[in-house]
1. Between A:Ser154 and B:Ala38, what FRET efficiency comes out of the Förster formula 1/(1 + (r/R0)^6) with R0 = 41 Å and r the beta carbon distance, rounded to 0.05?
2. Just counting partner chain Cβ atoms within 10 Å, what average do the residues of peptide B:139-150 show around their Cβ?
3. With all protein chains present, calculate the accessible area of A:Cys240 using a 1.4 Å probe and round the result to the nearest 10 Å².
4. For peptide A:232-238, what's the mean number of Cβ atoms from other chains within 10 Å of each residue's Cβ?
5. Using the Cα centre of segment B:142-223 as the reference point, and only Cβ charges (+1 on K/R, -1 on D/E), how large is the resulting charge dipole? Debye, rounded to the nearest 20.
6. Note the full-extension length gain between A:Leu233 and A:Asn205 as 0.36 nm times their separation in residues minus their Cα-Cα distance, in nm to one decimal.
7. Can you give me the solvent accessible area of B:His218 with a 1.4 Å probe, rounded to the nearest 10 Å²?
8. Summing +1 for each Lys or Arg and -1 for each Asp or Glu, what net charge is found among the other residues whose Cβ lies under 11 Å from the Cβ of B:Asn235?
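The values are calculated or read from the model by the stated rules, or taken from the named source; none is laboratory data. None of the values given here were measured: they were computed from a predicted structure. Cβ: placed from backbone, ideal geometry, glycine included. Neighbour counts: every protein chain shown. Just so you know, the surface numbers come from the protein's heavy atoms only, side chains and all, with ligands and any DNA or RNA stripped out. Shrake-Rupley method; radii C 1.70, N 1.55, O 1.52, S 1.80 Å.
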Protein chains: 2
Amino acid sequence: MEAFRMFHELGVAPPVNVKFVIEGEEEVGSPNLDKWLADNNGDLGADVAVISDTALAGPDRPSIVIGLRGLVYTEIEVTGPARDLHSGQYGGAVLNPIHALARIVAALHDGDGRITIPGFYDSVRVLSDEERATIASAPFDAAAHARTTGEAGSWGEAGYTVRERLGARPTLDANGIWGGWTGAGAKTVIPSKAFAKISMRLIPNQEPDEIFEKFAAHVRALAPAGVKVEVRLLNQGRACLVDTNLPAMRSARAAYAEVFGVEPVYMLEGGSIPVVASLAEILDVSTVLMGFGLPDDNLHAPDEHYALENYYRGIETAIAFYEHLGGSAG
Amino acid sequence: MEAFRMFHELGVAPPVNVKFVIEGEEEVGSPNLDKWLADNNGDLGADVAVISDTALAGPDRPSIVIGLRGLVYTEIEVTGPARDLHSGQYGGAVLNPIHALARIVAALHDGDGRITIPGFYDSVRVLSDEERATIASAPFDAAAHARTTGEAGSWGEAGYTVRERLGARPTLDANGIWGGWTGAGAKTVIPSKAFAKISMRLIPNQEPDEIFEKFAAHVRALAPAGVKVEVRLLNQGRACLVDTNLPAMRSARAAYAEVFGVEPVYMLEGGSIPVVASLAEILDVSTVLMGFGLPDDNLHAPDEHYALENYYRGIETAIAFYEHLGGSAG
């Protein structure tokens, strides 16, 4: 690795002032963040926020994420009989909550991969030809996508490209399901309860609260008679779009170009970083998403990793960004 | 409790010879039992076998089970993407194995509670009016059934009574399902795999091997394109019917009547005791099912229990049975 130019070693003042907000609650729905931001609003004034939690388009293909999907994360609890029953003794004469849950989950998409929640797409804008062209021109490693997803990667909402499905359309996924005997071998039980975790990724204009209400009503409507259904909201966040005309976005572009030797591209990211919406709504501060991960870093999966090379390039890009932002760039 | 008449204390020889076969493998599919029975065929000759693994119709309503359902217990493994994926990064562009599994499980019954496996009912006899009348006259505590099953107990195969569904018709139940994040809170993962345990209760004439093949083919046919499906057989056993004209059945009736003060009734039992078929096929020995449990003993569930009163009455009934069987009854 090369040596970095440390501002204090160079005898120059840092070109910008920096305040750190460390968000450690994202994966549990950030229950305290918004209140804390509001309580400390006076101390947190800033021209722009910077978050490094996104990925490059590829190892030598810098990119700046300009759109993040929102999130609604739920848990469904289906209750059938009052207690676990022996499937030989009661099988055939009791509605099994696993079957009821399977029917609910199976009915959440139609045969074209569209989400069946009534009103789910009401506030989803139709993509313009120009937007579709922009999305189509973004770098995308189809071979890597195919390697990771296998034949399962051929699935998706009819009428949209893989790139559109990944960032420009809202989605729904079961993140977990469980009920009854899940150990090795056979146990002949009809469980009293079965559960699923279902999350939705939202695009701008979809209100998380409203989407959750529509989802919960749909799940209750899909439940067959004979079971009780509870739907809980675990986690939520609004989608966001970053204004590409921000001065800080120009600084970010220049910094990536300087360090990587190529102009960065704008990308839509399928994931969610709810704090971005909180910073905008509570502090009125826009965020620049300068990430340095790679699409195959196995986020949230076993063997999640991060290349040291990108770590060092990220430091360099951040330095260049601060110089451009502070007006001290050579 | 009263004192029992011990044969040796009374100075009389036991009225019958008794051999014990202790079957400790039932819940893992008895992988060694049939070979052991065949290897020891010469030592195991008997006039009749007795098994106490069934329930009374009620605390003071003795009953003898004359039919047991067979069992086919399977595990389904559905594989989608090659590894677990982040649902924000890949959601919308990959077939989620939980959704694929939900579609399979949801499609195993039709809207009338019938099992959809092609050919599943081929060898199932139509119940005669006489058989239906016999089943209808068997004791059944509808209030207890409703208490245990709640509203879920209103479900079942259209065209059959609860009593018929419980013993005279074949059934299919998911005994377990799991995949993805099943802990507390939210994890935004699309798992690579999802699993279910599915078992079927069979009636006489349904061959377990044949039913398993039909089930596996059906599951593979139901799987949407983009996932791989494996179906494994974990456990199986044939259904059986006991001949009510066996001399030992007459002895059993007399013994129950003597101890309980009322004639026992014949009942069909929904559960499976695969060793009964093995004893008949390998040793050519019929089994009398003299059980002393109660329908609400919570078999295979938390808080499974057994009343001491039935334990003592069971000992008395067994003594009376041996006396009648050996011709030494008063």
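1. 0.20
2. Mean shielding by partner chains, rounded to a whole number: 3.
3. The accessible area of A:Cys240 comes to roughly 20 Å².
4. 1
5. Working: 10 positive and 8 negative charges, 67 e Å.
Magnitude of the dipole: close to 320 debye.
6. Details: separation 28, 0.36 × 28 = 10.08 nm, distance 1.92 nm.
Roughly 8.2 nm would be gained on extension.
7. 20 Å²
8. Working: positive: A:Lys187, B:Lys197, B:Arg232; negative: B:Glu25, B:Glu26, B:Glu27, B:Glu75.
Local net charge: -1.
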